[in-house]
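Asker: What follows is a structure written as structure tokens; I'll ask about it next.
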Number of protein chains: 2
Amino acid sequence: MYTFFQYNWQVRDEWFTWCEQLAKEELLKERIGGHHNILHTLLHIIDVEYSWVRAMQQKEDIPLDFSSYGEVHQVRELSHQCRDEIKGFLQSNEAISNERVTAPWMEGSFTRHEILHHIIAHEIHHIGQLSIWARELNLKPVSANVIFRGLF
Amino acid sequence: MYTFFQYNWQVRDEWFTWCEQLAKEELLKERIGGHHNILHTLLHIIDVEYSWVRAMQQKEDIPLDFSSYGEVHQVRELSHQCRDEIKGFLQSNEAISNERVTAPWMEGSFTRHEILHHIIAHEIHHIGQLSIWARELNLKPVSANVIFRGLF
């Protein structure tokens, strides 16, 4: 499972670099589908991953103020900060134990394994959305290939 | 890993049902990004999954003639037929053995584990693209949630 996180983080980092070619207006321009705009779709990915991992750790949720993130470097820094905080947990056996997970923002309880799958698929899905927006801007999207990344 | 395939197949089946509300012209209308149009993006997902699994089994590749697939029921039938053929292998220990995989359409060799990750992420990525096209048609896309699907 952890390899999927490494894949997602590598792809996400490439999207941050990709974003640098765009003006702030394009990054924050409201688009159809996804999470409003390019930059906040990336922020939403981080938010969901970080929130679910904290829920798995039974830590309280830290809501993000999306309006304070208008620059690529801010979102990249947050991404790296959250990643540094959660990667140890995600590599541990604790992450795949059978304990149930509940989240303050949602009804129900889930297995940790289920939440790991959920976080992984959530990011790949949104990245697929970014790839359409890239093509609509006449730009080549970041490759979504798992192969040729040196991950295995 | 197999749960991700079950997730992808469940979501894919829901997209086939979703497609039934659209006229053939909309399903085959050339769009920006993805694999040309809605129906052939789904066909491409099946093609890639089936081709890689056959490569893992050291079976020869069967190229698909995309022009003969213009109806949802044809693509759904192909999807079910391929799935029935590959699911036994994907559930077996053979699928996660350490043998190297080569494919006739590509340079290089890969681990089976790498190819499984590749197939899974490939489908989720393209499904994300379909979700944007759905919103552009003013239609609610199929949910991409892993949770609430009874998979765990």
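The values are calculated or read from the model by the stated rules, or taken from the named source; none is laboratory data. The model shown is predicted, which means the values in this text are computed figures rather than measured ones. Glycine gets a Cβ as well: all are built from the backbone with ideal geometry, and neighbour counts include every protein chain shown. Quick note on the areas: whole protein, heavy atoms, side chains included, nothing else; ligands and nucleic acids left out. Shrake-Rupley method; radii C 1.70, N 1.55, O 1.52, S 1.80 Å.
Asker: How big is chain A by the Kirkwood estimate over distinct Cα pairs, in Å?
Answerer: On the way: mean 1/r = 0.0619 Å⁻¹.
Computed over chain A, the radius equals 16.2 Å.
Asker: A follow-up question, please. Quick one: work out Rg over Rh on the C-alpha atoms of the protein assembly as shown, Rh as Kirkwood radius. Mind dumping the intermediate values first?
Answerer: Working: Rg = 19.2 Å, Rh = 20.2 Å.
Reported Rg/Rh (Cα atoms, Kirkwood Rh): 0.95.
Asker: Taking amide H positions as placed 1.01 Å from N in the peptide plane, with prolines and chain starts having none, which residues 5 or more places from A:Thr111, or on another chain, fall under 5 Å of its amide H?
Answerer: Residues meeting the criterion, in which the H sits 1.01 Å from N, are A:Val101.
Asker: Please find, among residues of chain A, the one with the beta carbon closest to the rotation axis relating it to chain B, distance in whole Å.
Answerer: Closest to the rotation axis on chain A: A:Gly128, 1.
Asker: Heads up, I need the accessible area for A:Ile96: 1.4 angstrom probe, whole protein in place, Å², nearest 10.
Answerer: Ignoring ligands and nucleic acids, A:Ile96 comes out at about 90 Å².
Asker: From other protein chains only, count the Cβ atoms within 10 Å of every residue's Cβ in B:142-148, then give the mean.
Answerer: Details: counts 0, 0, 8, 4, 11, 13, 6.
Taking all residues of B:142-148 together, the mean is 6.
Asker: Going Cα to Cα from B:Lys59, which aspartates and glutamates come in below 13 Å? Please leave out same-chain ones fewer than 8 positions away.
Answerer: Qualifying aspartates and glutamates at Cα under 13 Å: B:Glu85.
Asker: Nearest 20 debye, what's the magnitude of the dipole of segment B:2-136 about its Cα centre given +1 on Lys and Arg Cβ and -1 on Asp and Glu Cβ? Write down the numbers at each step before the final one.
Answerer: Details: 12 positive and 21 negative charges, 49 e Å.
Dipole about the Cα centre, nearest 20: 240 debye.
Asker: Around B:Ile38, what is the net charge, scoring Lys/Arg as +1 and Asp/Glu as -1 over all other residues with Cβ under 10 Å from its Cβ?
Answerer: Numbers: positive: B:Lys29, B:Arg31; negative: B:Glu26.
Residues close to B:Ile38 contribute a combined charge of +1.
Asker: Averaged over its residues, how many other protein chain Cβ atoms are within 10 Å of peptide A:129-138's Cβ atoms?
Answerer: Values: counts 12, 5, 7, 11, 4, 2, 5, 5, 1, 1.
Per-residue shielding by partner chains comes out at 5.
Asker: OK, next. Can you put B:His80, B:His40 in order of accessible area, largest first, using a 1.4 Å probe?
Answerer: Details: B:His80 70, B:His40 30 Å².
Per-residue accessible area, sorted high to low, gives B:His80, B:His40.
Asker: In the structure displayed, which of B:Lys24/B:Lys87; A:Lys29/B:Lys29; A:Lys29/A:Lys87; A:Lys24/A:Lys140 lie more than 21 Å apart, Cα to Cα? Show your work: numbers first, answer last.
Answerer: Numbers: B:Lys24/B:Lys87 30 Å; A:Lys29/B:Lys29 26 Å; A:Lys29/A:Lys87 32 Å; A:Lys24/A:Lys140 18 Å.
Over 21 Å apart, Cα to Cα: B:Lys24/B:Lys87; A:Lys29/B:Lys29; A:Lys29/A:Lys87.
Asker: A follow-up question, please. What does the charge count near A:His80 come to, summing +1 for each Lys or Arg and -1 for each Asp or Glu among other residues with Cβ under 11 Å from its Cβ? Let's see the in-between values first.
Answerer: Numbers: positive: A:Arg12, A:Arg76, A:Arg83, A:Lys87; negative: A:Asp13, A:Glu77, A:Asp84, A:Glu85.
Neighbourhood net charge equals 0.
Asker: Could you tally the net charge around B:His118, taking each other residue with its Cβ under 11 Å from the Cβ of B:His118, Lys/Arg +1 and Asp/Glu -1? Let's see the in-between values first.
Answerer: Numbers: positive: A:Arg149, B:Arg112; negative: B:Glu49, B:Glu114, B:Glu123.
Neighbour charge sum, excluding B:His118 itself: -1.
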